[in-house]
Amino acid sequence: DLCRPDRVQAFASRARGAVVTSRQSPWFAYFSAVYNGHAPLPLPLANISLYFEATSAWHESHPAAPSPFRPCVGKHLPRCGASTCASWEAPLLKPPPTPTEATTATYWGIVPAYPARKGLMATQMYATVSRIMGEGPGRGSAAKPPFRRADLEGVRLDGDSWGREVLSNNTWVEVIRQDLTPDFEEGMTPPECASLPARPTAAQLLACFSRGHPPGCWARPARGSGVWINTGRTEAAAWFPPPPEHLSIAEAILSAASRGVDSLQYQMGDPVVARTERLADLAGHRGTRGPLLVITRPACLARAQGVRACFPRELEVRAGWHNVPCECNESLNLANCAAGGPGTQAARF
């Protein structure tokens, strides 16, 4: 159950040090579905930040691979039987008296404004380091944070020195994104600018910038999504330009595209989270947004329609352990490689 902040924290504590090593484990069946038959063994659960919930869309896409996590919206499912639960809990640590991990979560696939929109749902856990929580280093402190960068994606809520590790050029990274149309038409030329030439310049696009039509394809690094994209030539920064300077966000993306940069990394994610939602997030409210990856390739600019759940077909997206093509099912609301179907191979590293 990852539907409440305390339960996310408890699961993160139990996953620390847990490793899936057997093909007979139900975890292996679950990750084989996520990675289209190329789940790696051994697989440390502590390195996974995103888990898909047991929605009808998950079961329809992966009928032979149950998810152990109940949906956080909709019908409340009963807990599994003792023997079934035991097989899922076998690799996990015993529940600690007090959760040891500082975490928060994003709940993907939940779109309150469009309740009829059905599809995959997932919970993504983030490590947090905050003076407000009374944990981890404050500014200038030499103390080490409780999470290593190799584990959960980190997002610091009160400083500039903590965030997801910067990725190198030409690195394959797992990501998640979801369909937020019609409110957020990524990469689409605003209707009032339809008269622009077929290949508009960055200056022309910037002049037509609209908050509802941001340039680029937006995604978030998420180990456990099974959807991989390559950073290409990439640049990184700690923060997005803070609001209300929204124009500078578009300017940064379009400037990068004009210089041949393929992606922009923002270690601490969006300015709304960093500036205004940090206390709400710590209080357990949903809506946390973590580190951000914006694809700035031409396929994500000056589009006739906004990008939905799937990345544009012009981009190379991979499934498996970034070793097979990804076929995305647009109707599932989240980025996925479910249309390609699972295999049975286990990769070892």
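Arg4: touching a Pro at 6+ places or on another chain (Cβ under 9 Å) and of a type in the set (Lys, Arg), yes or no? Spelling it out, it is not the case that Arg4 is touching a Pro at 6+ places or on another chain (Cβ under 9 Å) and of a type in the set (Lys, Arg). Taking the criterion of being touching a residue at least 60 places away in the same chain (Cβ under 8 Å), open to solvent by 10 Å² or more (accessible area, probe 1.4 Å) and farther than 25 Å from Gln178 by Cβ, would at least one residue in segment 67-88 satisfy it? Yes, segment 67-88 contains at least one residue that is touching a residue at least 60 places away in the same chain (Cβ under 8 Å), open to solvent by 10 Å² or more (accessible area, probe 1.4 Å) and farther than 25 Å from Gln178 by Cβ. Restricting Thr98, Thr103, Thr84 to residues that are in contact with a strand residue (DSSP E or B) (Cβ under 8 Å, 6 or more places away or on another chain), of a type in the set (Val, Ile, Thr) and at pLDDT below 85 narrows the list to Thr103.
Residue by residue, here is whether (1) open to solvent by less than 70 Å² (accessible area, probe 1.4 Å); (2) at pLDDT 85 or above holds:
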| residue | (1), (2) |
| --- | --- |
| Leu120 | yes, yes |
| Glu153 | yes, no |
| Arg156 | yes, no |
| Asp160 | no, no |
| Arg177 | yes, yes |
| Met188 | yes, yes |
| Cys208 | yes, no |
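Suppose the filter is among the aromatic types (Phe, Trp, Tyr) and in contact with an Asp or Glu (Cβ under 9 Å, 6 or more places away or on another chain); does Phe11 pass it? Yes.
You will find that of Gly320, Gly284, the residue that is surrounded by fewer than 19 Cβ atoms within 10 Å (Cβ to Cβ) and either closer than 28 Å to Asp6 by Cβ or modelled with pLDDT of 95 or more (or both) is Gly284 and no other. Take the conditions (1) open to solvent by 20 Å² or more (accessible area, probe 1.4 Å); (2) modelled with pLDDT of 75 or more; (3) closer than 29 Å to Trp228 by Cβ; Gly109 misses just one of them, which is (1). Tell me, which residue of segment 219-255 that is over 13 Å from Val173 (Cβ atoms) and modelled with pLDDT of 90 or more is most open to solvent (accessible area, probe 1.4 Å)? Out of the qualifying residues, it is Arg233.
What is the residue count in segment 43-59 for residues that are touching a residue at least 40 places away in the same chain (Cβ under 8 Å) and open to solvent by 30 Å² or more (accessible area, probe 1.4 Å)? Final tally of qualifying residues: 2.
Annotation for segment 261-277: no member residue is within 17 Å of the chain's Cα centre (by Cα), at pLDDT 90 or above and open to solvent by 50 Å² or more (accessible area, probe 1.4 Å). Applying the criterion of at least 2 residues that are farther than 23 Å from Arg117 by Cα to the strands (runs of 3 or more DSSP E) found wholly in segment 163-241 leaves 172-176, 228-230, 234-237. Here Phe11, Phe28 are screened, and the one residue that is more than 23 Å from Trp228 (Cα to Cα), of a type in the set (Phe, Trp, Tyr) and more than 17 Å from the chain's Cα centre (by Cα) is Phe11. Of the helices (runs of 4 or more DSSP H) lying entirely inside segment 1-62, those containing at least 3 residues that are under 21 Å from Pro221 (Cα atoms) span 5-15, 26-34.
The values are calculated or read from the model by the stated rules, or taken from the named source; none is laboratory data. Being a predicted model, the structure only gives us computed values, none of them experimental. Backbone-built Cβ (ideal geometry, glycine too); neighbour counts: all protein chains shown. Remember, those area values only see protein heavy atoms, side chains included, never the ligands or the DNA or RNA. Shrake-Rupley method; radii C 1.70, N 1.55, O 1.52, S 1.80 Å.
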